[in-house]
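In what follows, a single structure is set out as structure tokens and then discussed.
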């Protein structure tokens, strides 16, 4: 029975990481509140089945993973967006290079 609790904990952490990626890419930070509430429900169930300590560890670990992956996903998205803007600005700001003529 303990092995099943460990598997549920790992699945909960993976689901939290995937939710963090989706939330970081498409939604604002206040979307983390209902996502954390959903993690709380799953951790509460795991705590009823496996004990309070397992449920508390599941909640803390999943919430931390959700928020870290959310921030990482958001930072990567912002970095990519800003780099594409910098490429556009650089190409518009720099003058066209004159084509070199080769003498035959």
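Assorted remarks:
- A Cβ distance below 7 Å, combined with a sequence gap of six or more or placement on separate chains, defines the contacts here; from the stretch 63-84, residues that are under 14 Å from residue 23 (Cβ atoms) reach residues that are exposed (fewer than 14 other Cβ atoms within 10 Å of the Cβ) in the pairs 73/25; 77/25.
- Residues considered: 39, 65, 80. Of these, the only one that is loosely packed, with under 13 Cβ neighbours inside 10 Å, assigned to a helix (DSSP H, G or I) and modelled with pLDDT of 80 or more is 80.
- Flag for residue 74 being within 17 Å of the chain's Cα centre (by Cα), modelled with pLDDT under 80, in a helix (DSSP H, G or I) and surrounded by 14 or more Cβ atoms within 10 Å (Cβ to Cβ): no
- Qualifying residues in the stretch 42-62 (those that are surrounded by 18 or more Cβ atoms within 10 Å (Cβ to Cβ) and touching a residue at least 24 places away in the same chain (Cβ under 8 Å)) - the one farthest from residue 75 (Cα to Cα): 50
- Residues being over 13 Å from residue 69 (Cβ atoms), within 23 Å of the chain's Cα centre (by Cα) and not in a helix (DSSP H, G or I) are entirely absent from the stretch 6-17.
- Number of residues in the stretch 18-36 that are in a helix (DSSP H, G or I) and either surrounded by fewer than 14 Cβ atoms within 10 Å (Cβ to Cβ) or at positive phi (or both) equals 7.
The values are calculated or read from the model by the stated rules, or taken from the named source; none is laboratory data. Because the structure is a prediction, the values reported are computed rather than measured. For neighbour counting, all protein chains shown are included, and Cβ atoms are generated from backbone atoms with ideal geometry for every residue, glycine included.
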